[in-house]
Each structure stands twice: as C-alpha cells, then as structure tokens.
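Written below as structure tokens is the structure these notes are about.
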Amino acid sequence: MKKLFLLASLLAAVPAHAARYDFGQGAAAVACVMLQSGYTQRQVYDVLDNLDTQIRNSPTPYRQEAQMVEGFNFEARNNHYNCPLRISF
C-alpha cells in the first residue's frame, strides 16, 4: 500500500515540476527515504522505473528530462548520507 501511495505521489507531481531540477531532487529525496525505511534497492528502482516510463511517454523535452536526472543525482549524492541510488539518462 505504501508503495502505491508513493508512486501516486511522484506521478501527481510530474506535470507541475517537469521543467525544473527540483523535481529530480524531490524524487531522489523520496527514493532515498524509501530506502532508509526498509524498501529494497530493487523495489525503489521499480518505482523509479515506473516514474521514468510516465515521463518518457509524456511530451517532456529532452533538456527537461536531463535536468530531472541531474537534479536527482545531485540530491542523492550530496544530501542523503549513504544513498547509493543514481540514475542515468
């Protein structure tokens, strides 16, 4: 149930912040907290894959997708101790 709620929260935020680095940072914050809450890395990446599918099937320009990836990796690397999550574009 928590996984479904988290996925719905991430998907609901896509249109509002798709053009900014902070969307990627927010997604990383949620993903790193999921990891700290006991989800496995595989479960977290499954949620991120679902989010990625939604973004890639939307009319989001390449540049904005790259900004989201950069924001995600910045947040995971710099603001969450021991968060091994990274995504590539």
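Each reported figure results from applying straightforward, stated rules to the coordinates on display, with no laboratory input. Values in this document were obtained by computation on a predicted structure and should not be read as measured data. In this analysis, Cβ positions are derived from the backbone assuming ideal geometry, glycine residues included, and neighbour counts consider all displayed protein chains.
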Enumerate the calculated ³J(HN,Hα) couplings along the stretch 25-35 in order (Karplus 6.51 cos²θ - 1.76 cosθ + 1.60, θ = phi - 60°), each rounded to whole Hz, writing x wherever the residue is Gly or Pro.
5, x, 4, 5, 4, 5, 5, 5, 5, 4, 4
Suppose each label sits 7 Å from its Cα in the direction of the beta carbon; what would the Val33-Phe89 distance come out to in nanometres?
2.5 nm
Can you run phi through the Karplus equation (6.51, -1.76, 1.60; θ = phi - 60°) for the stretch 77-89 and list ³J(HN,Hα) in whole Hz, with x for Gly and Pro?
6, 9, 10, 9, 4, 6, 9, x, 6, 8, 10, 10, 10
How much length is gained on full extension from Thr40 to Asn79, taking 0.36 nm per residue of separation minus their Cα-Cα distance?
12.1 nm
Applying the Karplus parametrisation 6.51 cos²θ - 1.76 cosθ + 1.60 with θ = phi - 60° to the phi angles of the stretch 38-52, what ³J(HN,Hα) value in whole Hz is obtained for each residue in order, glycine and proline being reported as x?
x, 5, 7, 4, 4, 5, 5, 5, 4, 5, 5, 5, 4, 5, 4
Arrange the peptides 81-88, 42-49, 29-36 so that the one whose residues have, on average, the most other Cβ atoms within 10 Å appears first.
29-36, 42-49, 81-88
